[in-house]
Amino acid sequence: MARITFIQNDGTERVVEAESGMTVMEAAVKNSIPGIAAECGGACACATCHVYVDDAWRQATGQPEQMEEDMLDFAFDVRPSSRLSCQIKVSDALDGLVVRIPDKQF
Amino acid sequence: MSDELIKTDAVIVGAGPVGLFAVFELGLVDIKAHVIDNLDRPGGQCAELYPEKPIYDVPGLTVVTGQELTDRLMEQIKPFGAEFHFSQRVESLDRLDGGGFRLTTDLGKKFECKVVVIAAGGGSFTPKRPPLPGIEQYEDKSVFYSVRKIENFRGRDVLIVGGGDSALDWTLNLQPVAKSLTLLHRRQEFRAAPASVQKMFDLVERGGVTFKLGQVTELHGQGGKLTSVTVKASDGSSFEQKTEVMLPFFGLTMKLGPVANWGINLHENLLPVDTAKFETSEKGIFAIGDINTYPGKLKLILSGFHEAALMAQQAHHYVYPNKKLIFQYTTSSSSLQKKLGVK
């Protein structure tokens, strides 16, 4: 179980509880977090669940794998902290995770 | 533009798994179908979004990938000889005076049919539009999401953005005609076929192509005429890139598209249907698969298959108003087996 904070571009924050094993994208969709379209349903095939991981959490969430890095080419305004939230697995170690939703998704 | 007119029993809009299986179910009741899809191949989302991804809930198949399922369905529907019309989108649907419909695609192909089966899933796959302020005013004038005619780019300064196959292919194909060609990508690595990447870097060495790292953040120009774009480099600094034309290639997204203008009732971008016939608010127009909605609807491939079977029963009434349809099993009916080519 982990508590995840989603911060919108306008500063609005929402904290949700996510079970270990699910993805950050699933936690967002389940809690109707705006800005996470997840068009492909988590297949790492659309880049519409793009988030910026808070600097303090970048080490804990790790680096994108090749497929995810490739798919990030389809995201808008990609930064070093960019991740696809469907590829971040929730675990106890991520309790307190903070991610930001981009101003614009495709 | 073609002025071809095709007359047939049924037109299926969408060649995803459910559209493909509709060919089967219609075929069993002697309804001949043509299938139209905006993609260049069958499979819909299965082919475009998850060809390599496993699907675990197709009955009878422990696990199957999107591409395998597509291939198997294509094999299964072969006996019915449906004709496919790819890389085009149905733009308009008109009612004919004597009953039936006329559909016209964006390539100008026309179809006249007795029933329409909309199996368009999440809508048609259309190129993603970068959310850049004011991009609308440049679209189709200076910003293009596809290349219809290479000649339109002759003698122009062209900027291609992206790192996939489309970006690389068009870099290679437009380079000979463009006045200058710049490829902009956010990183050194490419998703595109290694051979095309190599060809592109060869051209860079010979001075035919300029390759730059970065992402477009602003467009500049007037009256739809692009003059330059602002690019954010990977180190966070910005620079101006002069260009007359920009071609962004950021993949595809699903948009409902022209279906919304066909006079069918819509509910939150879905087509409400009844659960006995899967017919929309319009008689003779059916909706099956992810694009329809009804109480309890689940967006599952298996639900779409069921919907296709029931749809075909009602479609039979329209195509053969005077014929009684007797329900038969493929296991035991010799006439069905003859249609399947197994007897």
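Bear in mind these aren't lab numbers, they're just calculated from the coordinates by the rules spelled out. Being a predicted model, the structure only gives us computed values, none of them experimental. Every residue, glycine as well, gets a Cβ built from its backbone with ideal geometry; the counts of neighbours run over all protein chains shown.
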Review point. So how much slack lies between B:Thr210 and B:Val63, counting 0.36 nm per residue of separation and subtracting their Cα-Cα distance, in nm?
Key: 48.4 nm
Review point. If the viscosity is 0.692 mPa s and the temperature 37 °C, what translational diffusion coefficient in µm²/s does Stokes-Einstein give for chain B when Rh comes from Kirkwood over Cα pairs?
Key: 147 µm²/s
Point to revise | Long-range tail of P(r) for the protein assembly as shown (Cα pairs > 40 Å, %) | key: 28 percent
Practice item. Quote the FRET efficiency, to the nearest 0.05, computed for A:Lys30 versus A:Met67 with a Förster distance R0 of 25 Å and r equal to the Cβ-Cβ distance. Key: 0.60
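I need the fraction of alpha carbon pairs in chain A separated by more than 19 Å, rounded to a whole percent. If you can, show how the numbers build up before the last one.
On the way: 1825 of 5565 pairs.
More than 19 Å apart: 33 percent of the Cα pairs in chain A.
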Review point. What chymotrypsin sites (Phe, Trp or Tyr not before Pro) in region B:251-343 are in a loop by DSSP, with at most 16 other Cβ atoms within 10 Å of the Cβ?
Key: B:Phe327, B:Tyr329
**Study point:** Cα centroid separation - region B:2-46 against region B:174-218, whole Å
**Key:** 38 Å
Point to revise | Inter-site label distance for B:Asp202 and B:Gln222 at 7 Å from Cα along Cβ, in nm | key: 4.4 nm
Review point. Hey, got the dipole for chain B? About the Cα centre, +1 on K and R Cβ, -1 on D and E Cβ, debye to the nearest 20?
Key: 320 debye
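Could you tell me the ratio Rg/Rh of region B:145-262? Both radii from Cα atoms, Rh via Kirkwood.
1.00
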Review point. DSSP beta bridges in chain B, what fraction antiparallel, as a percent rounded to 5?
Key: 45 percent
Practice item. Read phi for every residue in region A:74-81 and hand back ³J(HN,Hα) as whole Hz from Karplus 6.51 cos²θ - 1.76 cosθ + 1.60, θ = phi - 60°, with x for Gly and Pro. Key: 8, 9, 9, 6, 7, 10, x, 8
Point to revise | Length-normalised contact order for chain B - Cα pairs under 8 Å, 6+ apart - percent | key: 19 percent
Review point. Bin by bin, in steps of 5 Å, what percent of the Cα pairs in region A:1-57 do you find, going until the bin that has the longest distance?
Key: 4, 18, 29, 28, 17, 4
Check your understanding: Under the definition of Cα pairs under 8 Å and six or more residues apart, what whole-number percent is the relative contact order of chain A?
Key -> 42 percent
Practice item. Go through region B:269-283 residue by residue and turn each phi into a ³J(HN,Hα) via Karplus (6.51, -1.76, 1.60, θ = phi - 60°); whole Hz please, and just put x for glycine and proline. Key: 6, 10, 9, x, 9, 8, 9, 9, 10, 6, 9, 7, 5, 9, 4
Revision key, fill the gap. Whole-Å distance linking the alpha carbon centroid of region B:241-313 with that of region B:56-102 is 13 Å
**Study point:** Dipole of chain B [Lys/Arg +1, Asp/Glu -1 at C-beta], most positive-end residue of B:Gln198, B:Ser124, B:Ala15
**Key:** B:Ala15
Exercise for review: Return the inverse of the average 1/r over all pairs of distinct C-alpha atoms in region A:59-101, which is the Kirkwood hydrodynamic radius, in Å to one decimal.
Suggested key: 11.3 Å
Check your understanding: Do any GluC sites (Glu not before Pro) in region A:14-71 lie in a loop, going by DSSP, with at most 13 other beta-carbon atoms within 10 Å of their beta carbon, and if so which?
Key -> A:Glu19, A:Glu65
Exercise for review: First obtain the Kirkwood hydrodynamic radius of region B:36-140 from its Cα pairs, then insert it into the Stokes-Einstein equation at 20 °C and 1.002 mPa s, and state the resulting D in µm² per second as a whole number.
Suggested key: 130 µm²/s
Point to revise | Value of D in µm² per second that Stokes-Einstein yields for region B:112-171, Kirkwood Rh from Cα pairs, at 20 °C (1.002 mPa s) | key: 146 µm²/s
Revision key, fill the gap. note: region B:238-343, Cα-Cα separations exceeding 15 Å make up a percent value of 73 percent
